[in-house]
Amino acid sequence: MKTKVELRHLRYFAAVAETCHFGEAAKRLKIAQSALSQAVRQLEDDLGVCLLARTTRRVELTAAGRFFLDKTQHALNRIDSTIRETRLLGTGQPGLVHIGLVDAATFSHMSPLVRSITKKMPGLEFKVHTGLSTQDQCERLKDETLDIGVVYAPLEHDDDVSVRIISSEPLVLVTASNHPLARKGSITVPDLRGEPFITCTEPVIAHSLTRLCLEAGFTPRATHEATSPPSLLALVAAGLGIGVVPASARTVSVPGTRFHSLPRAAHVRVALAWNKAHRSPLVSSLLDVLEEDLSEDVRTRGVTYEGPDPAPDQLLAVPRSRRS
């Protein structure tokens, strides 16, 4: 027997769960607190489970409540997205697309991305979200608050998200401008032994650094951690250590830093990412446009990166026919 649950009750429950307070949730929803409490009780009765543990002082989610909140937020996001796209289509507009970018890709891919959309898909309404890590984007793709991501690949154990590689760039060393290494004519990886490293929380960058050092016979000594290449540059400028970043980070001007090419440096791959289970015709069309234009732009634009070209096995080719 199917349980009938009203959509408004889902929104009421989500508001209470997010605030952990019936009074605050009632103000947000602009309804009486007593009506809100009654609606959530009705939802629990319909489901046959207790979603909230209530005391005179606080409201907490039960284990069932935490599970239900996660699924409810996903369902509400999808419903809201469908309503929004339907309204736009009804007015003759193609729709609204949310696009995320990792920090370094903001500098290397933002301009060609915007040019591509405005030229090939005029009238498309889009919103760009910058400064999102690869992990953040994967989570947003799965809960459908993001349609397309520009991330570092490969992804770690995430079968719900598909990727298409669009570019590859070498990692470069960054030091403080007054660091002894900055005075060397050329730097090799063994020269970095014993140096304090500022590591990046982006898994692809962190793993590439570890592999680079292990191949040179030592383990990097990590002393600080940065959530993005720009924040890593700031820590380097403060004299807290050295680090490696994608070559596109050279476009970020941080006084007191200096970039250095490394021989046989690892390459990091930048990819378009999307939710396998949520591939609207609009997103599919935009993926095709962006893959073609961004890949071509990286090959032909004036900005060049020092260092060797990636070996063929460093580039992951994902045929169009394999897109899920």
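Every condition in (1) part of a helix (DSSP H, G or I); (2) of a type in the set (A, V, I, L, M); (3) open to solvent by less than 50 Å² (accessible area, probe 1.4 Å) holds for residue 245 except the one numbered (1). Quick check: anything in the stretch 261-278 touching a Ser or Thr at 6+ places or on another chain (Cβ under 8 Å), over 26 Å from residue 186 (Cβ atoms) and open to solvent by 50 Å² or more (accessible area, probe 1.4 Å)? Yes - at least one qualifying residue is present in the stretch 261-278.
Scanning the stretch 27-54 for residues that are of a type in the set (Gly, Ala, Ser) and farther than 20 Å from residue 66 by Cα yields 32, 34, 35.
For the stretch 59-73, a tally of residues being of a type in the set (S, T, N, Q) and either exposed (fewer than 13 other Cβ atoms within 10 Å of the Cβ) or more than 14 Å from residue 19 (Cβ to Cβ) (or both) returns 2.
Cβ-Cβ distances below 8 Å connect the following pairs, each with a first residue in the stretch 70-92 that is at pLDDT 80 or above, a second residue that is open to solvent by less than 70 Å² (accessible area, probe 1.4 Å) and not in a helix (DSSP H, G or I), and a separation of six or more residues or different chains: 73/143; 74/143; 74/144; 77/143; 77/144; 77/145.
Which of the residues spanning the stretch 95-112 are of a type outside the set (Ser, Thr, Tyr), open to solvent by less than 60 Å² (accessible area, probe 1.4 Å) and within 16 Å of the chain's Cα centre (by Cα)?
Keep residues of the stretch 95-112 that are of a type outside the set (Ser, Thr, Tyr), which gives 95-105, 107, 109-110, 112.
Checking the rest, the ones that are also open to solvent by less than 60 Å² (accessible area, probe 1.4 Å) come to 95-105, 109-110, 112.
Correct list: 97, 98, 99, 100, 101, 102, 103, 104, 105, 109, 110.
If I filter the stretch 279-302 for residues that are open to solvent by less than 50 Å² (accessible area, probe 1.4 Å), part of a strand (DSSP E or B), farther than 19 Å from residue 109 by Cα and at pLDDT 50 or above, do I get at least one hit? No. Listed conditions (1) of a type in the set (Val, Ile, Thr); (2) surrounded by 14 or more Cβ atoms within 10 Å (Cβ to Cβ); (3) modelled with pLDDT under 90 are all met by residue 56, apart from (2).
The values are calculated or read from the model by the stated rules, or taken from the named source; none is laboratory data. Note that the coordinates shown come from a computational prediction; the quantities given were computed from them, not determined experimentally. For neighbour counting, all protein chains shown are included, and Cβ atoms are generated from backbone atoms with ideal geometry for every residue, glycine included. What goes into the accessible areas is simple: the full protein's heavy atoms, side chains included, and nothing from ligands, DNA or RNA. Shrake-Rupley method; radii C 1.70, N 1.55, O 1.52, S 1.80 Å.
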